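The values are calculated or read from the model by the stated rules, or taken from the named source; none is laboratory data. In this text, all values refer to a predicted model and were calculated from it rather than measured experimentally. Please note: Cβ atoms are built from the backbone with ideal geometry, for glycine as well, and neighbour counts cover all protein chains shown. Quick note on the areas: whole protein, heavy atoms, side chains included, nothing else; ligands and nucleic acids left out. Shrake-Rupley method; radii C 1.70, N 1.55, O 1.52, S 1.80 Å.
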Amino acid sequence: MRNGRSRHERARATLVALGVGIALLSALGAAPGLAQGVPGMSAPGPVATGTIRGRVIHDQRPEAAAGVEVLLYGLRSSSEPFTEATRTDAQGEFRFEDIFATPGTIYLIAARHAEVAYGTRIEWEPGRDETFVELPINDPTESTADLSVESLGLLVDRSCEALRVTETHILRNSGERVLYVSEARRGEASPLLVVELPAEAGNLMPPLGNPASVSLEGRNLLYWGPIYPDTHTLEFSYTLPEGPVNVRRTLPRGADRVVVSNPDSWPAPMGAPFTPAPRDPMAWNSRGGTRQSVLSAMPPGAVLEFDMLVPPRGSSGPSLALTETRIWLETDDAIIGVNEQHAFEVPDGASAHSNSGSPLLCIEIPDDAEGLQSSNASLALGLILDPSGQVALRGPLPPGPGTVNFQYRLPVEGEPARFTRRFTQPLPVLSVLVSDTSLVASSKRLHRRRSERSGDRVFMYLEGFAIEPDERVEVELARITPSAPLPQWTNVGLVGLAAAGAVIFMTAPLYRRRESDLQEIDGNDTARRERDYLYAAIEDIDHDFETGKVSEADHARMRSELRAQAVELIRAEQADAPETAPPRTDPGNCPACGTELTPGAKFCAQCGARASTGDPPG
């Protein structure tokens with residue numbers, strides 16, 4: 001099996017980072033979509049509280065129920081998860097107190113014993129402040145005598161960069177104990193199931209929520225469990241190079257039924273006695289216009305062999321274009337939190353899915369992205385992590401505008417931190433909004449816009465147009481370094497200078513020089529200085545509004561108050577001014593140098609001083 005690229009290794013790490021909730025859901029057999037839709041680990045708001053009591057029971061060895069780790073995983077109707085953990089006492093009992101008791105709150109409770117999670121799912125009922133649960137556990141077994149394969153499904157379509165094969169194995173454990181091989185025993189014990197992979201297979205995507213349950217040995221995928229009583233689903237995917245698909249593999253445990261699926265626009269598989277299956281519009285693999293070809297039961301050791309022709313990439317099916325991308329960034333000393341929203345539009349009457357088997361949209365994410373998460377609404381549109389390491393949108397999509405959202409984290413490396421994005425298709429509008437936390441955001445490709453406020457948060461706003469395919473857009477995030485404090489003697493000196501200036505300012509009007517030596521001081525100097533302060537304050541409040549430091553409402557109110565003060569000051573000056581003297585036949589002298597002015601002159605011909613004052617700015 002070919003080794004995956006570094007981006008694929010990051011994709012595998014992202015699966016692990018989806019969190020303990022997904023692993024617990026998988027272990028309990030709950031619907032995986034429940035945890036996939038979790039947007040983040042945020043605590044619920046204040047609600048009613050209650051108590052969950054319980055007991056762990058081991059029928060064969062009662063003493064094994066003591067000291068067992070018990071995990072509580074809660075999911076509110078708003079899809080906000082939270083977890084708590086405890087251990088059982090000597091009698092195997094446990095309790096969780098002061099937990100949220102809002103009707104409709106979903107709880108998953110699991111006890112972990114011998115590396116296996118045993119659990120149940122409850123929904124809080126109205127009118128209750130306490131509930132009780134029992135968790136039976138047992139010792140897992142490595143015996144596969146009760147194991148059989150009910151169904152083997154092979155779905156062949158396309159990933160963002162290659163062919164994709166998704167294998168779904170429906171396993172039946174007809175016994176009463178969990179089948180599992182512990183990590184310590186995997187060097188000597190046999191796996192529960194061996195799956196032979198094609199020689200060209202690459203970019204393995206392990207089972208969601210439990211990647212440690214499988215390992216690779218040459219071309220063989222080894223599955224170690226756990227497999228719970230009744231039916232159990234094992235699903236994984238990998239990529240193949242573009243071109244015809246040739247499958248030849250041995251089925252050690254056989255299969256009661258084999259289903260091979262591919263897009264409607266592709267030829268049906270050949271070389272085996274397939275029977276076309278009626279299309280089920282509710283089936284999980286019918287969403288992309290998929291045909292199903294069925295083989296009857298195959299005994300243990302039988303060989304599955306068939307060929308499939310694949311049309312060239314791009315020969316059919318629509319491609320979805322982005323109309324705008326908005327990215328929010330929040331950073332601290334260690335990580336950059338990234339929240340992306342991608343907008344698109346499906347034309348009226350257009351196909352809501354890709355008949356070619358390719359994703360409708362592929363979005364690259366940085367190679368070092370971690371903790372990829374998405375909303376339930378985006379997952380419902382077919383948003384998945386592609387084996388290539390990109391985020392893929394597979395549909396189906398309704399006509400009209402739509403958006404998908406996802407989040408991830410990036411490590412901060414160096415100072416200043418840098419955020420870089422690249423898109424594989426043209427992007428009309430790119431907006432990057434940076435949380436204003438003592439940062440300066442700059443970009444050579446994006447221009448600054450007025451800051452945007454969201455609730456009590458202010459975001460610096462960068463925007464760019466006509467982003468070309470494969471163009472790198474970089475945003476530099478530099479921290480604002482506080483100025484070093486001045487020495488104490490400097491502070492004292494500055495205070496002294498300020499005090500002296502204040503004394504001079506306050507006492508200057510008291511000192512009048514003789515008219516024979518100096519001109520009379522203009523009595524309006526103080527009023528003019530007050531006007532200048534008001535004009536500067538108006539400019540400052542305008543600047544604060546442009547940089548997002550004050551809201552639009554506060555800006556309008558404060559600017560109106562300052563302007564009103566300026567108008568009142570001007571009116572007071574005009575009311576106090578002496579009546580204008582009748583026109584003089586004598587043009588008078590320059591107020592600056594005393595030179596006689598030419599009749600009608602506005603400036604002195606000797607020194608250039610203005611003969612009259614201008615109007616104040618509006």
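Quick notes on this structure:
- Close Cβ contacts (under 6 Å, 6 or more residues apart or on different chains) running from residues in segment 333-348 that are more than 30 Å from I480 (Cα to Cα) to residues that are surrounded by 15 or more Cβ atoms within 10 Å (Cβ to Cβ) and hydrophobic (A, V, I, L, M, F, W, C) comprise H342/L322; H342/V404; F344/L320; F344/L322; V346/L397.
- Test result for S78, modelled with pLDDT of 90 or more and open to solvent by 30 Å² or more (accessible area, probe 1.4 Å): no
- Just one of (1) farther than 24 Å from R185 by Cα; (2) open to solvent by less than 10 Å² (accessible area, probe 1.4 Å); (3) of a type in the set (S, T, N, Q) fails for S213. It is (1).
- Search result, residues across segment 391-420 that are within 14 Å of T325 (Cβ to Cβ) and open to solvent by less than 10 Å² (accessible area, probe 1.4 Å): V391, L393, V404, F406, F419
- One residue stands out among those in segment 293-307 that are over 16 Å from T250 (Cβ atoms) and open to solvent by 40 Å² or more (accessible area, probe 1.4 Å): the one that is nearest to the chain's Cα centre (by Cα), which is D307.
- Considered as a group, the residues in segment 145-164 that are small (G, A, S) and closer than 18 Å to S265 by Cα include one that is most open to solvent (accessible area, probe 1.4 Å), and that residue is A162.
- Tally, over segment 82-94, of residues that are assigned to a loop (DSSP other than H, G, I, E, B) and either of a type in the set (D, E, K, R) or open to solvent by 60 Å² or more (accessible area, probe 1.4 Å) (or both): 3
- Pair list, Cβ under 9 Å, 6 or more apart: segment 157-170 residue within 11 Å of L240 (Cβ to Cβ) and among the hydroxyl-bearing types (S, T, Y), other residue open to solvent by less than 10 Å² (accessible area, probe 1.4 Å) and not in a loop (DSSP other than H, G, I, E, B): S159/T239; S159/A392
- Residue match in segment 588-599 (condition: modelled with pLDDT under 70, within 60 Å of the chain's Cα centre (by Cα) and not in a helix (DSSP H, G or I)): no
- Residue in segment 221-241 that is open to solvent by 40 Å² or more (accessible area, probe 1.4 Å) and in contact with a Pro (Cβ under 7 Å, 6 or more places away or on another chain) present: yes
- Index of the failed condition, P387 passing every other in (1) open to solvent by 20 Å² or more (accessible area, probe 1.4 Å); (2) touching a residue at least 24 places away in the same chain (Cβ under 8 Å): (1)
- On inspection, I327 does not qualify as in a strand (DSSP E or B), at pLDDT below 95 and of a type in the set (A, V, I, L, M, F, W, C).
- Options E97, E142, E130, E125; residue that is over 29 Å from the mean Cα position of the chain (by Cα), open to solvent by 50 Å² or more (accessible area, probe 1.4 Å) and modelled with pLDDT of 95 or more: E142
- Tally of residues being open to solvent by 70 Å² or more (accessible area, probe 1.4 Å) and under 21 Å from L322 (Cβ atoms) across segment 438-470: 6
- Pairs, first in contact (Cβ under 8 Å) with a residue 60 or more places away in the chain and of a type in the set (D, E, K, R) in segment 445-474, second outside any strand (DSSP E or B) and surrounded by fewer than 15 Cβ atoms within 10 Å (Cβ to Cβ), C-beta under 9 Å, six or more apart: R450/E546; R450/T547; R453/S551; R453/E552
- Among (1) open to solvent by 10 Å² or more (accessible area, probe 1.4 Å); (2) part of a strand (DSSP E or B); (3) of a type in the set (G, A, S) - the single one A110 does not satisfy: (1)
- Output for segment 252-276, where each listed residue is assigned to a strand (DSSP E or B), open to solvent by 10 Å² or more (accessible area, probe 1.4 Å) and in contact (Cβ under 8 Å) with a residue 24 or more places away in the chain: V259, M270
- Taking segment 401-484 and the strands (runs of 3 or more DSSP E) fully enclosed by it, the elements with 3 or more residues that are over 19 Å from the mean Cα position of the chain (by Cα) are at 439-442, 447-454, 457-467, 472-479.
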